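Colleague: Please see the structure below; I have some questions.
The values are calculated or read from the model by the stated rules, or taken from the named source; none is laboratory data. Quick caveat: nothing in here was measured; it's all calculated off a predicted structure. Neighbour counts are summed over all protein chains in view; Cβ atoms, including those assigned to glycine, are modelled from backbone coordinates with ideal geometry.
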Amino acid sequence: MLSIIAPLMKAQHDEILKVFSEYDALLSQKESEQRTEKMKQILHELARRLTIHLAQEDCLLYPALTQSENIAHQELAEQFTSEMGGMADRFDAFANHWRLGNTIQENEQAFQAESKEILAALRSRIQREEREIFPLIKV
């Protein structure tokens, strides 16, 4: 099962990281109505991709690791689940807040700070999964 799930997770990571790069590029641009609308579109796209990805991890990857005969897999799944639980809810709250009306324009500084914080947390999770989980399951 892991041999089927892991390549899917890796491919999704690559796609999510591409969207992060696009998001980062927009964050560095001067504030404008066009930029704001594009940011909202990317937030929607990220929310869609992350919701699917995190749900697949929670429903497929981590349970498969937990059910593995390999104790290291089981322990790693438990560790990741406890450390990183709630990431989907955290991102959803972030995206839903900033996609509403003029919230980005009304508080650009907070938007920038929260964007950098949430993307750093998500990047860290992806990096840890690729560094700690994927080598065990030979992606």
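Colleague: For region 99-120, what are the residues that are under 11 Å from the mean Cα position of the chain (by Cα) and surrounded by 14 or more Cβ atoms within 10 Å (Cβ to Cβ)?
Modeller: I118, L119
Colleague: Could you please let me know if S115 is touching a Phe, Trp or Tyr at 6+ places or on another chain (Cβ under 9 Å), in contact (Cβ under 8 Å) with a residue 60 or more places away in the chain and of a type in the set (S, T, N, Q)?
Modeller: So S115 fits the description; yes.
Colleague: Sticking with this one: Based on this model, can you work out whether E75 counts as within 19 Å of L122 (Cβ to Cβ) and either among the charged types (D, E, K, R) or part of a helix (DSSP H, G or I) (or both)?
Modeller: No, not satisfied.
Colleague: Failed condition for L100, given (1) among the hydrophobic types (A, V, I, L, M, F, W, C); (2) touching a residue at least 12 places away in the same chain (Cβ under 8 Å); (3) farther than 22 Å from Q67 by Cβ, with all others met?
Modeller: It is condition (2) that L100 fails.
Colleague: Pairs needed: first member in region 56-69, exposed (fewer than 15 other Cβ atoms within 10 Å of the Cβ); second member anywhere, aliphatic (A, V, I, L, M); C-beta distance under 8 Å; at least 6 residues apart or different chains.
Modeller: Pairs found: T66/A77.
Colleague: Just to be sure before I move on: is N96 at pLDDT 90 or above and within 20 Å of the chain's Cα centre (by Cα) in the structure I sent?
Modeller: So N96 fits the description; yes.
Colleague: Which residue out of A11, A6 is within 19 Å of L136 (Cβ to Cβ) and surrounded by 14 or more Cβ atoms within 10 Å (Cβ to Cβ)?
Modeller: A6
Colleague: Could you tell me how many of the residues in region 89-133 are among the aromatic types (F, W, Y) and either in contact with a Leu (Cβ under 7 Å, 6 or more places away or on another chain) or more than 13 Å from K40 (Cβ to Cβ) (or both)?
Modeller: 2
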